[in-house]
Amino acid sequence: MHEVDMTKCLLLSLQEWKRGQEPLTPVVAAVHLQVGDFTCVEPEALRFTFAAAVEGTWLDGSTLEIDTVPLRARCLGCSDVYAPDPDQAYRSPCCDRPMEEIVSGRELRIRSVDYSLPHQTSDPAAVPSR
Amino acid sequence: MHMPLSDTLGLNLMAANQHQAEHNREHFEAWNLLCLNVMSSPGAGKTSLLERTITALAPQLEMAVLEGDMTTQLDAQRLEAVGVPVVPITTGRACHLDAAMVSGGLRQLQAQLNPADLDLLWVENVGNLVCPAEFEVGEHLKVALLSVTEGDDKPLKYPVMFREADCVLITKVDLLPYLPVEVERIEAHIRAVNPGAVVFQVSASSGAGLEAWHQWVLTTTRAHTRPSVLAEVG
């Protein structure tokens, strides 16, 4: 269950982002991730651990939206981009070359955060003008 | 009243671990040592290999080991018996080392010795072919082991580990006569997911292939810790 540790990493990154919003406390609706197929992350396990980890915290009520990114590699024989298949040893179907250049599939990215900021009547200047 | 906002972060999910890993690497650079992260499934022969390799290279290199183990200190004791400083890192439930654990190990190491006296720091990771591949600890290079008894399909089943490795050792080749596996197939599958990997076929028990591997470790360490020598030669 290394997704638990990955969730910890994710929460640390989000806390850092939250500090950047001070003195306001953002109310987060959704956290969007991009998770590549060629990583050791199981999106379902990540969703599960995230839901458990944020309970009772400032992120309670937020959802984790995960976009999976397919594995794609570029064949260095003909420059074609192909979908490597484990059953074909990830080799390129065009020139039968090994998987040299990975184009996508290694992503483990926090893409964006949907949130809202409460209006602070005491200090209106603190509300960013977006 | 709330207004809906969206911030594009584009942050790496593992950013927190990576920051710590970079911090560890800065220490390694300051101490002018090479750090190798050794990974494999449980029982592939990491500790046996390190026993042989450390013994063989001890006359030429100053070495220490950070030994990751989930519950016991058995591996640490085996390596201490070889006569090298070992810091055990018991990970508890975690099935891999992360950069923060290694940072803690480095502090313990500093209590024992001056790391600047070292040429090479081995990190023996927890036996696991999945997670350690995603958790950088600050190493310069990753070394993955695959024993012939695990079967030739493992590089295809656990491709991230073998893709990320800079060097792959096919271990226990002395057992090949007794197994229905072809070592060529294992190596072909490693090269299919990682054409750039340096691959060695070794046996820690018979000693087969160890010389080439030891030479690689020595050359890589020297190239890293004494870049000025290369510059002078050139």
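Each value in this text was obtained by applying a stated rule to the coordinates, not by laboratory testing. Worth saying up front: this structure is predicted, and the values here are computed from it rather than measured. When we count neighbours, we look across all protein chains shown, and the Cβ atoms used for this are built from the backbone with ideal geometry, even at glycine.
Counting each DSSP H run of 4 or more residues in the protein assembly as shown as -39500 (n - 2.57), what helix-only mean residue ellipticity at 222 nm follows after dividing by all residues, to the nearest 500 deg cm²/dmol?
Computed ellipticity for the protein assembly as shown at 222 nm equals -10500 deg cm²/dmol.
How long are the three semi-axes of the equivalent ellipsoid of region A:1-48, in whole Å, if each is the root of 5 times an eigenvalue of the C-alpha gyration tensor, listed from largest down?
Square roots of five times the eigenvalues give 24, 11, 9 Å.
If one computes the Cα centroid of region A:41-96 and of region B:123-196, what distance in Å separates the two points?
21 Å
Principal axis extents for region B:36-95, Cα atoms only, whole Å, descending order, please.
That gives 37, 20, 18 Å along the principal axes, largest extent first.
Which value does Rg/Rh take for region A:1-127 over its C-alpha atoms, Rh per Kirkwood?
Rounded to two decimals, Rg over Rh is 1.16.
So for the pair residue A:48, residue A:63, with labels modelled 7 Å out along Cα→Cβ, what separation do we get in nm?
Going from the residue A:48 label point to the residue A:63 one covers 2.0 nm.
Quick check on my link table: of A:18/B:46; A:8/B:157; B:142/B:172, which ones sit more than 30 Å apart, alpha carbon to alpha carbon?
Going by Cα-Cα distance, A:18/B:46 fall outside the 30 Å limit.
Please give me, ordered by residue number, the chymotrypsin sites (Phe, Trp or Tyr not before Pro) of region A:1-104 that lie in loop per DSSP and have at most 15 other Cβ atoms within 10 Å. Kindly include the intermediate steps, with their values, before the conclusion.
On the way: sites: A:17, A:38, A:48, A:50, A:58, A:82, A:90; in loops: A:38, A:58, A:90.
Answer in residue order: A:58.
Using the Kirkwood radius over C-alpha pairs as Rh, can you work out the diffusion coefficient of the protein assembly as shown via Stokes-Einstein at 37 °C, viscosity 0.692 mPa s, in µm² per second? Write down the numbers at each step before the final one.
Numbers: Rh = 22.5 Å.
Once the numbers are plugged in, D ends up at 146 µm²/s.
Which number comes out as Rg/Rh for region B:19-223 once both Rg and the Kirkwood Rh are worked out on C-alpha atoms?
That ratio is 0.94, to two decimals.
What is the spin-label model distance, in nm, from residue B:58 to residue A:25 if the labels are put 7 Å beyond Cα along the C-beta direction?
5.8 nm
Spin-label point model (7 Å from Cα, Cβ direction): what's the residue A:96 to residue B:30 distance in nm?
Each label point lies 7 Å from its Cα, and together they span 5.4 nm.
Just the projected area, averaged over all directions, of the convex hull on the alpha carbon atoms of region B:107-225: how many nm²?
Across all orientations, region B:107-225 yields a mean hull projection of 8.3 nm².
Given a Förster distance of 45 Å, report the FRET efficiency between residue B:181 and residue A:15 from their Cβ-Cβ distance, rounded to the nearest 0.05.
Numbers: r = 48 Å, r/R0 = 1.06.
Between residue B:181 and residue A:15 the formula returns 0.40.
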